[in-house]
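**Q** Let me begin by handing over the structure; questions about it come next.
The values are calculated or read from the model by the stated rules, or taken from the named source; none is laboratory data. A quick note: this is a predicted structure, and the numbers were derived from the prediction, not measured. Here the Cβ is made from the backbone with ideal geometry for all residues, glycine too, and neighbour counts use every protein chain on show. Just the protein is used for accessible areas: all its heavy atoms, side chains included, with ligands, DNA and RNA removed. Shrake-Rupley method; radii C 1.70, N 1.55, O 1.52, S 1.80 Å.
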Amino acid sequence: MMIIAATERLARARQQEYDWHQQELGRQTWPTAPVKTLNAWMSELWEEGMYLRSDPPFLRPLRSAEEQIIWENILRSQARHLPLDVSATAELARNSWKLLCDWRLPLEGTDWNSSEDSRTFQKWALEFRARCDRNGWFAAAELSKHVARLVNEGQVEIPQELELCGFLEPTPAQEQFFEALRKRGTRIQETPLPNHAEKSFRLSASDTFREIRVAAEWARRILQNDPEAERRSFRIGIILPGIGNLRSHVERVFSEVFHPQAWLHPEQDSKRLFNISLGLPAGDYPIIQSALQILSIDPREIPIEEASRLLLSPFLPGFSEERTSRALLDVALRNRGEQYVTLRDLIYLAKKESSLHQCPLLASLFVAWQAQYSDLGGRKKPSGWAEALSQLLQSKIQDNDGDASTKSQRISWPGTWQSVSAEYQTYSVWEELVSALVELDGVCGSITRQRAVTILRRMASSKLFQPERDPAPVQILGVLEAMGLSFDYLWMIGMHDDAWPPPCEPAPFVPIGLQRRKELWRSTPEGMLQHAQTLADRLLKSAPTIVVSHPRREGDADRRVSPLFTELPEVSEEDLGVSTIESLGERIQRSSKMEFIEDHQGLPFGEGKVRGGTSLFKLQAACPFRAFAELRLGATAPGIAQPGLAAQDRGRLMHRVLDILWRQLRTQAALRALSEQEEADLVRGIVREELDRLTSFRGGLRNERFLCVEQARLEKIIGEWLALERERTPFTVLEQEKRQDVTVGGIDISGTNADVDENEREAGQDVTVAGIDIRIQEDRVDLLEGGERFILDYKTGGCRVSLWDGERPDDPQLPIYAVVADSPIAGISFGSLMMGDVKFKGIANQDIGNKGVKVSKEPLPELIGHWRETLNALGRDYKAGHAIVDPKIPGQTCRYCNLTTFCRVGSPPVKSSQKDE
């Protein structure tokens with residue numbers, strides 16, 4: 001007798017039961033159980049019929065990927081004027097065609113004139129049928145019709161008896177096939193439905209997540225306490241409608257409940273006690289994602305996110321040896337701030353010697369790829385691309401650790417990954433996808449590499465896959481997958497009034513009147529209710545003990561139990577013995593004893609120069625912990641790529657332009673000697689030169705429109721700034737300060753003469769403040785007529801004089817310059833260079849004829865003395881390792897800090913119990 005199962009899961013269950021029965025009989029070998037799914041059996045019959053057939057027509061069923069491409073081609077040719085997502089619309093068209101075939105709906109008739117969508121789909125469907133007829137194809141949904149014809153013609157061998165298992169409501173197409181079998185003498189019977197109903201209850205939980213947690217604990221306690229759980233056929237079912245939306249959460253909860261130690265022993269994954277029926281799209285598995293990413297790379301323009309994933313991929317050779325250096329290379333790449341990089345950029349950075357991010361193996365791999373990518377242009381048949389793309393993934397690189405005798409070769413992908421069962425099975429799926437690409441020559445024609453990769457990506461997304469594991473006693477599955485199965489215990493999750501029965505879902509392209517006239521149950525609320533009632537009746541008989549649960553609240557909506565289960569007696573979590581469930585984290589926390597340590601003191605700072613320059617004092621004033629974390633621990637966030645120039649880049653560009661300008665002018669007299677046109681030409685030339693220099697190594701900025709906008713912005717701001725400079729009393733811009741040794745507030749200060757580098761403005765004075773060596777760079781120091789000095793600091797962001805006030809100044813940069821100055825100071829000032837806010841913002845000892853610089857309320861020498869004391873206090877705290885989490889203004893100070901998850905400043909304080917105290 002042949003057994004035909006409605007689902008693959010049911011077929012596997014029947015096969016497993018058969019094998020267990022043979023083992024119980026003591027047999028060592030036995031014939032394979034005659035259990036198949038309907039589609040698998042019909043495919044075998046079709047191949048048999050075509051093999052024995054000697055006369056045409058010779059037809060061929062289309063594969064899923066082939067159907068998708070044909071529908072896409074039809075849409076591109078007939079719907080160019082429509083704003084469609086071609087791939088998604090083609091998928092809907094395929095499903096609608098399958099509905100027509102399954103329910104034997106006519107493609108002609110007045111119903112198709114009921115809407116524009118129906119008329120449009122009718123044209124597409126007629127074209128699809130015409131193309132299939134011309135080429136000897138037929139859709140997979142038409143297989144039952146063609147196999148029924150072979151059965152009627154007596155061209156295939158059929159069994160005398162057939163048992164149908166798990167079929168809820170056979171479609172008319174399936175009934176046509178079964179009727180053909182009956183006419184040929186096959187006796188068809190249905191497997192008796194399970195009828196184990198003994199105890200059924202309903203339970204309400206606070207929400208869906210609580211339902212899942214309670215169901216998992218309930219199943220675990222049954223496995224622990226029920227003696228029958230030792231039986232290998234013992235089965236607990238957990239049914240969850242719409243399981244795909246909650247799959248990751250379900251897996252996380254059940255893993256935590258059944259295998260809390262699994263993260264320590266990932267190799268035991270195949271032996272876990274639960275199994276989720278619904279697999280993930282093959283394209284969601286990391287090993288396949290990495291292959292698709294490699295194949296889709298455009299070496300001339302790689303998005304920074306893709307480059308980052310590539311650098312950190314464990315499926316590239318040398319990952320274990322270069323793991324740290326590749327992570328540092330990723331940070332270096334992000335700190336460039338560019339949205340796109342080239343493969344040449346990656347090779348340069350990975351090869352860079354004497355750098356922490358040098359990755360020779362990765363560089364060798366990128367060099368090998370670069371040579372191959374240049375050969376992957378043009379168009380090829382899918383079979384040609386399957387070979388070319390496989391060669392790219394399997395390209396070999398030289399691995400030489402310095403000894404020629406140890407030179408070897410490594411495969412590019414999937415690197416040196418551990419071939420555990422799950423990854424090996426996933427790799428096999430990738431090979432199947434590439435093989436399927438070969439079979440598309442007949443429907444695809446010549447295509448580009450990107451089109452071939454897009455097809456591979458779509459096939460990977462549509463193929464659900466789950467690695468095979470040992471049989472598990474707890475089965476988590478959808479409603480339809482449970483049909484025909486028997487359980488020892490069953491829990492049905494999510495059975496609330498808004499989800500069960502589900503809303504009706506008529507096909508979008510098929511006339512609704514036609515669907516209802518042909519009694520498609522999905523097209524009417526009555527049909528959905530009857531279908532849901534049938535499913536519920538069967539499920540309530542599939543196990544001796546059943547719990548039906550529903551959430552009392554979902555999002556912002558209150559929920560009640562489905563009306564199909566209101567007659568069941570209600571139980572509580574206490575009745576089921578699962579009222580005191582705890583997560584793994586809660587159990588660990590409850591079993592531990594809290595220890596409180598006031599740890600606000602780091603190690604004292606030793607000798608050497610501090611990184612960060614004047615920002616050390618700014619960070620220490622804002623929050624001691626931030627200064628310690630960023631400057632001592634290096635806990636800084638990597639850069640963020642953004643279009644155009646970041647604020648920091650704009651500031652550097654403005655500084656360079658003004659620096660070059662004043663090195664040429666030197667004095668205010670030289671500025672005043674220029675006419676307006678001469679000044680504008682000078683500024684324009686310097687700005688353009690600096691923008692060209694910047695874009696020479698920042699390819700993402702090579703956009704003429706961007707350059708024009710940035711040029712105009714800089715010219716406008718600098719023009720307004722020079723107008724203010726013209727109005728000042730005469731001054732001369734000095735060079736860098738000479739080296740000098742002085743004492744300020746008991747602090748030794750040493751300075752070095754440093755020229756401004758042509759390509760980088762990091763040179764400056766090495767000084768000691770509060771016993772700490774730092775490097776400073778004054779933007780400008782002007783010499784006034786009276787011989788006093790005026791210190792200027794350019795700011796392209798917001799600034800104000802009040803930032804220097806208090807014991808914790810927000811921006812102590814200019815006060816530091818004033819403290820370490822070796823000559824009398826007339827004043828200090830910000831040079832605000834923001835669009836719409838171009839002005840001086842400073843203080844001076846007296847009126848120096850500079851608009852925006854006000855006379856200080858306190859004599860400047862006394863103010864400098866206060867600043868020295870403030871800086872000494874901040875410096876002493878930093879040097880002593882003072883690192884308390886103490887933001888100056890909570891909330892505001894932390895707004896742009898990236899360390900909140902490190903310092904946990906926003907976390908509520910942990911209260912100790914009386915026992916711990």
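**Q** Please compute the contact order of the range 283-464 in relative form: average sequence separation of alpha-carbon pairs under 8 Å and at least six residues apart, divided by the residue count, as a percent.
**A** Once normalised by length, the contact order is 28 percent.
**Q** Roughly how tilted is helix 319-335, in degrees to the nearest 10 and between 0 and 90, from the longest Cα axis of the chain?
**A** Long axis of 319-335 versus the principal axis of the chain: about 60 degrees.
**Q** Another question about this same structure. Can you list the lysines whose alpha carbon sits under 20 Å from that of K183, skipping same-chain ones fewer than 8 residues off?
**A** Straight-distance partners of K183: K145.
**Q** Between D226 and R587, what FRET efficiency comes out of the Förster formula 1/(1 + (r/R0)^6) with R0 = 22 Å and r the beta carbon distance, rounded to 0.05? Walk me through the intermediate numbers first.
**A** Numbers: r = 23 Å, r/R0 = 1.04.
For R587 and D226, the calculated efficiency is 0.45.
**Q** If you don't mind, there's one more thing I want to ask. Taking a cut-off of 20 Å between Cα atoms, list the lysines near K541, but don't count ones fewer than 8 places away on the same chain.
**A** Within the straight-line cut-off, K541 pairs with K199.
**Q** Put +1 on the Cβ of each Lys and Arg and -1 on the Cβ of each Asp and Glu in the range 63-138; which of N135, W71, G109 then has its Cα farthest toward the positive end of the dipole?
**A** N135
**Q** Return the distance in nm (one decimal) between the two label points of a simple spin-label model at S320 and I188, each offset 7 Å from Cα along Cα→Cβ.
**A** 5.6 nm
**Q** Quick one: pull the percentage of alpha-carbon pairs in the range 658-720 with a separation above 19 Å. Let's see the in-between values first.
**A** On the way: 670 of 1953 pairs.
Result for the distance tail: 34 percent.
**Q** Looking at the range 661-718, which trypsin sites (Lys or Arg not before Pro) are DSSP coil and have at most 13 other C-beta atoms within 10 Å of their C-beta?
**A** Here the trypsin sites (Lys or Arg not before Pro) that fit, given the DSSP loop and packing criteria, are R666, R702.
**Q** A further question follows. Could you work out how much longer the chain between S435 and R688 gets when fully extended? Use 0.36 nm per residue separation minus the Cα distance between them, nm to one decimal.
**A** The S435-R688 span can extend by a further 85.7 nm.
**Q** Considering only protein heavy atoms, what is the solvent-accessible area of S462 at a probe of 1.4 Å, reported in Å² to the nearest 10?
**A** 80 Å²
**Q** In Å and on Cα atoms, what radius of gyration and Dmax does the range 283-464 show?
**A** Just the Cα atoms of the range 283-464 yield Rg and Dmax of 16.7, 54 Å.
**Q** Here is a further query. Let me check against my output: what whole-number percent is the relative contact order of the chain, with C-alpha pairs under 8 Å and at least 6 apart?
**A** 13 percent.
**Q** If you average the alpha carbon positions of the range 127-170 and of the range 830-903, how far apart do those two centres end up, in angstrom?
**A** Each part's Cα centre sits 82 Å from the other's.
**Q** Which loop-located GluC sites (Glu not before Pro) does the range 575-638 contain, where loop means any DSSP state but H, G, I, E or B and the Cβ has at most 10 other Cβ atoms within 10 Å?
**A** Passing both the DSSP loop test and the Cβ count: E595, E598, E607.
**Q** Specify the angular offset, from 0 to 90 degrees and rounded to the nearest 10, of the alpha carbon long axis of helix 243-258 from the longest principal axis of the alpha carbons in the chain.
**A** On a 0 to 90 degree scale, this one is about 80.
**Q** When the convex hull of the Cα atoms of the chain is projected onto a plane and the area is averaged over all directions, what value comes out in nm²?
**A** Taking a quarter of the hull surface, the average projection is 53.2 nm².
**Q** Moving to a separate point now. Given the C-alpha centroids of the range 69-98 and the range 716-734, what is the distance between them in whole angstrom?
**A** Spelled out, the Cα-based centre of one part sits 65 Å from the other.
**Q** While we're on this one: Where in the range 857-883 does the label zone of D805 land, with the point 7 angstrom along Cα→C-beta and an amide N cut-off under 14 Å?
**A** Once the point is set 7 Å along Cα→Cβ of D805, 857-858 turn out to lie under 14 Å by backbone N, inside the range 857-883.
**Q** Out of the range 175-211, which trypsin sites (Lys or Arg not before Pro) are coil in DSSP terms and have no more than 15 other C-beta atoms within 10 Å?
**A** R184
**Q** Right, another one. Would the range 177-313 count as rounded, prolate or oblate if I go by the C-alpha gyration tensor, calling it rounded below 1.5 in a/c and otherwise prolate when a/b exceeds b/c, oblate otherwise? Mind dumping the intermediate values first?
**A** Values: a/c = 2.45, a/b = 1.37, b/c = 1.79.
The shape class here is oblate.
**Q** Now, a different point. Mind running the shape call on the range 581-733? Use the C-alpha gyration tensor, a ≥ b ≥ c as the square roots of the eigenvalues: rounded below 1.5 for a/c, prolate if a/b tops b/c, oblate otherwise.
**A** prolate
**Q** Using Cα positions and a limit of under 23 Å, work out the lysines in reach of K851, with same-chain residues fewer than 8 apart set aside.
**A** Cross-link targets: K716, K795, K839, K841.
**Q** Now a separate question. Could you grab the relative contact order for the range 137-272? Cα pairs under 8 Å, six or more apart, rounded to a whole percent.
**A** Numbers: 70 pairs, mean separation 25.5, N = 136.
Result for the range 137-272 is 19 percent.
**Q** If you don't mind, another one. Helix 449-462 sits at what angle to the longest principal axis of the chain, using alpha carbons and giving 0 to 90 degrees rounded to 10?
**A** 60 degrees
**Q** How long, wide and thick is the range 63-138, going by the Cα atoms along their three principal axes, in whole angstroms, largest first?
**A** On the principal axes, the range 63-138 reaches 31, 30, 20 Å in Cα extent.
**Q** Can you tell me the accessible area per residue over the chain, all protein chains present, probe 1.4 angstrom, in square angstrom?
**A** Normalised by residue count, the accessible surface of the chain is 51 Å².
**Q** Continuing with the same structure: At a 1.4 Å probe, what is the % contribution of carbon and sulfur to the accessible area of the range 283-464?
**A** Percent of accessible area from carbon and sulfur atoms in the range 283-464: 50.
**Q** In nm, what is the difference between 0.36 nm times the number of residues separating E179 and A197 and their Cα-Cα distance?
**A** The E179-A197 span can extend by a further 3.2 nm.
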